[in-house]
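Here is the structure we will look at, set down as structure tokens.
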Amino acid sequence: MLERDEWLAWYAARGFATIPLAPRGKRPLHAGWQRPYPTAWGNAPTDANIGILCGSASGGLVVLDFDTPDGLREAAGVDPTELAFHTLVARTARGWHV
């Protein structure tokens, strides 16, 4: 499994802007999180979650959130493993992020 800094490098290589989130949570750790800044990760706890900004900050990134395991299959008509051959797909606690 990748470590946090490896994930941050992976996201940065793809043009995704990241922000530190509360450990095991979704709340941004810093005010002004809408615009990432270079030192944001310098003082973040080592167990901070990684948030990825959507929109222009990440090159126009759009994320679709399906809150049930079958929601993606119903909406896209394809299995998540098949869709992963064409775009990024991540399993969440309740469903999928595409």
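The values are calculated or read from the model by the stated rules, or taken from the named source; none is laboratory data. Since we're looking at a predicted model, the values are computed, not measured. When we count neighbours, we look across all protein chains shown, and the Cβ atoms used for this are built from the backbone with ideal geometry, even at glycine. Quick note on the areas: whole protein, heavy atoms, side chains included, nothing else; ligands and nucleic acids left out. Shrake-Rupley method; radii C 1.70, N 1.55, O 1.52, S 1.80 Å.
Full-extension gain between Trp33 and Val62, please, as 0.36 nm times their residue separation minus the C-alpha to C-alpha distance. Could you put the intermediate results ahead of the total?
Values: separation 29, 0.36 × 29 = 10.44 nm, distance 1.78 nm.
Extra length available between Trp33 and Val62 comes to 8.7 nm.
Over region 1-68, calculate the relative contact order: mean separation of alpha carbon pairs under 8 Å at least 6 apart, over the residue count, as a percent. Spell out each step's value before the answer.
Values: 77 pairs, mean separation 23.1, N = 68.
Here the relative contact order equals 34 percent.
Measuring from label point to label point, each 7 Å out along Cα→Cβ, what is the Leu88 to Glu74 span in nm?
2.6
Specify the inter-centroid distance of region 1-40 and region 69-98, based on alpha-carbon positions, in whole Å.
23
From the phi of every residue in region 47-52, what ³J(HN,Hα) in whole Hz does the Karplus formula 6.51 cos²θ - 1.76 cosθ + 1.60 yield, where θ is phi - 60° and glycine or proline is x?
Residue by residue, region 47-52 yields 9, 5, 6, 9, x, 10 Hz.
Projecting each Cα onto the charge dipole of the chain (Lys/Arg +1, Asp/Glu -1 at the beta carbon, about the Cα centre), which of Ala9, Leu83, Thr46 comes out farthest on the positive side?
Checked the options; the winner is Thr46.
Using a 1.4 Å probe on the protein chains only, how many percent of the accessible area of the chain belongs to carbon and sulfur?
Numbers: 3800 of 6740 Å².
So the carbon and sulfur contribution to the accessible surface is 56 percent.
Using only the Cα atoms of the chain, what are the Rg and Dmax in Å?
According to the Cα coordinates of the chain, Rg and Dmax are 14.5, 43 Å.
If R₀ is 22 angstrom, what is the calculated FRET efficiency for the pair Ile50 and His97, using the beta carbon separation as r and rounding to 0.05? Don't jump to the answer; show the numbers that get you there.
Details: r = 13 Å, r/R0 = 0.57.
With R0 = 22 Å, the Cβ-Cβ based efficiency is 0.95.
Using the Cα centre of the chain as the reference point, and only Cβ charges (+1 on K/R, -1 on D/E), how large is the resulting charge dipole? Debye, rounded to the nearest 20. Spell out each step's value before the answer.
Details: 9 positive and 10 negative charges, 76 e Å.
Its charge dipole is roughly 360 debye.
On a full-extension model of 0.36 nm per residue, what is the gain between Arg4 and Asn43, subtracting their alpha-carbon distance, rounded to one decimal in nm?
So the extension gain works out to 12.7 nm.
For the chain, which trypsin sites (Lys or Arg not before Pro) pass both filters: DSSP loop (anything but H, G, I, E, B) and at most 10 other C-beta atoms within 10 Å? Write down the numbers at each step before the final one.
Working: sites: Arg4, Arg14, Arg24, Lys26, Arg73, Arg91, Arg94; in loops: Arg14, Arg24, Lys26, Arg94.
Sites meeting the loop and neighbour criteria: Arg24, Lys26.
Show the residues, 5+ positions off or on another chain, whose built amide H is closer than 5 Å to the amide H of Ala17.
Sorted by chain and number, the residues that satisfy this are Leu53, Ser58.
In region 1-92, which GluC sites (Glu not before Pro) fall in coil by DSSP and have 11 or fewer other Cβ atoms within 10 Å?
Here the sparse-neighbourhood loop sites are Glu3.
Per DSSP H run of at least 4 residues, take -39500 (n - 2.57); add these up for the chain, divide by its residues and hand me the 222 nm value, nearest 500 deg cm²/dmol. Walk me through the numbers on the way to the answer.
Numbers: 3 runs with 20 residues, N = 98.
My calculation for the chain gives -5000 deg cm²/dmol from helical runs alone.
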